[in-house]
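The values are calculated or read from the model by the stated rules, or taken from the named source; none is laboratory data. Computed from a prediction, not measured in an experiment: that's the story for all the values here. A quick note on method: Cβ atoms are made from the backbone with ideal geometry, for glycine too, and the neighbour counts reach across all protein chains shown. Remember, those area values only see protein heavy atoms, side chains included, never the ligands or the DNA or RNA. Shrake-Rupley method; radii C 1.70, N 1.55, O 1.52, S 1.80 Å.
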Amino acid sequence: MTDKATDKMTDKAQDKKTDKVTLNALRRMKDEKRKIVGVVAWDCPMARIADRAGADLISVGDTVGVNLWGHTNPLEITLDEMLVVTKAVRRGTRRALLSADFPYGPLQEGGAAAVRAAIRFAKEAGVDLVKLDGAADFPEAVEAVTRAGVPVFAQFGITPQTALRYGVEYRGVPSAAEQVPEEMLEAMVAEAKRLEEAGAVLLNFTNSGPVVGAAVAAAVSVPVVGGFGGGPWLDGRMRMANAAIGYSAQALDDPPETYAQVARTAFDALTAYAEDVRAARQIAGGIPVPPAETAEPVSPADKEG
């Protein structure tokens, strides 16, 4: 094979990596048993990093309130706040599909409110689909949003907005040990089928566990992804970018088992910065400091002469 032919093949491979992901592409990935990579991001720089790393789906989670803004309750986030965050993530997302969570409220208020919220996400923030938490209880809203032309990413299982139903106290980062009980397998399969029939194009089954999760993924034709409590038995995974890189204040004292320890790196860097400032040294990246003057002092006799 000539060098020119090799170069053409390389160019095609690179183009494939930069092709815009589509919903049809996600469906093909499920059919071909290729896993979908989902990342939750809350800002433009992280979205850019995730996009360049090859994420297929970037989702703006309503957990931004707890994990980034210091809220204690994930239900505190508002629609206007989610729109601000989603606009920022949109600016950093080119290849991946972009999804955004409905905050608590529009879905529960009925189909008309859900459609209004979905249209705002599509028009003002440029999302490719909207994620509805607890959508199995509101199939008519899923149908209404779908009819309005906005694809639906339906979340079910143990979620911030449905945790109490399963007797779980939801935290910003839940434990993988929290799983939907196996005796609820038939109910979860029925929920997934109801969501698919209502028009959902993608499902997020949180804390599925290997038994219930595998059964749900096999029961529907749309892709089923999941975060904590998920695994290779699903069609893909969702992971908060901050969790994947170990970026949280708690990670300083209790480092998680993850792909990086960014909190520790940030702490060490800021500590070094503070030490340079207090020692009157130029900081890393600062302008060059001219050398100190070393001229001999002038004596009084020299001055008189």
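First measure r as the distance between the Cβ atoms of Lys33 and Glu76, then evaluate 1/(1 + (r/R0)^6) with R0 = 25 Å and state the FRET efficiency to the nearest 0.05.
Details: r = 39 Å, r/R0 = 1.58.
Rounded to the nearest 0.05, the efficiency is 0.05.
Once you list every other residue whose beta carbon is under 14 Å from the beta carbon of Gln261, what net charge do they have if Lys and Arg are +1 and Asp and Glu are -1? Don't skip to the end; give the middle numbers.
Details: positive: Arg264; negative: Asp253, Asp254, Glu257, Asp268.
Local charge sum for Gln261: -3.
Strictly over 30 Å apart at the Cα level, which of Lys20/Lys123; Lys35/Lys131; Lys87/Lys193 would you flag in this model? Before the final figure, lay out each step's value.
Numbers: Lys20/Lys123 19 Å; Lys35/Lys131 19 Å; Lys87/Lys193 32 Å.
Among Lys20/Lys123; Lys35/Lys131; Lys87/Lys193, the Cα-Cα distance tops 30 Å for Lys87/Lys193.
Apply the Karplus parameterisation 6.51 cos²θ - 1.76 cosθ + 1.60, with θ equal to phi minus 60°, to every residue of region 197-212 and state each ³J(HN,Hα) to the nearest whole Hz, in sequence, with x for glycine and proline.
5, 6, x, 4, 9, 7, 10, 10, 9, 8, 6, 6, x, x, 7, 5
How high is the relative contact order of region 78-164, given as a whole-number percent (alpha carbon pairs under 8 Å, six or more residues apart)? Mind dumping the intermediate values first?
Values: 130 pairs, mean separation 25.2, N = 87.
The normalised contact order for region 78-164 reaches 29 percent.
Ignoring ligands, DNA and RNA, please state the percent of accessible area on region 184-242 from carbon and sulfur, probe 1.4 Å.
Values: 1150 of 1860 Å².
Carbon and sulfur: 62 percent of the exposed surface of region 184-242.
Could you list which residues have their amide H under 5 Å from that of Ser59, counting only those 5 or more apart in sequence or on another chain, with H placed in the peptide plane?
When sequence neighbours closer than 5 places are left aside, the close amide H contacts are Val39, Val40, Ala41, Ser99.
Run the quick spin-label model on Ala284 and Ala260: label points 7 Å from Cα toward the beta carbon, then report their separation in nm to one decimal.
1.4 nm
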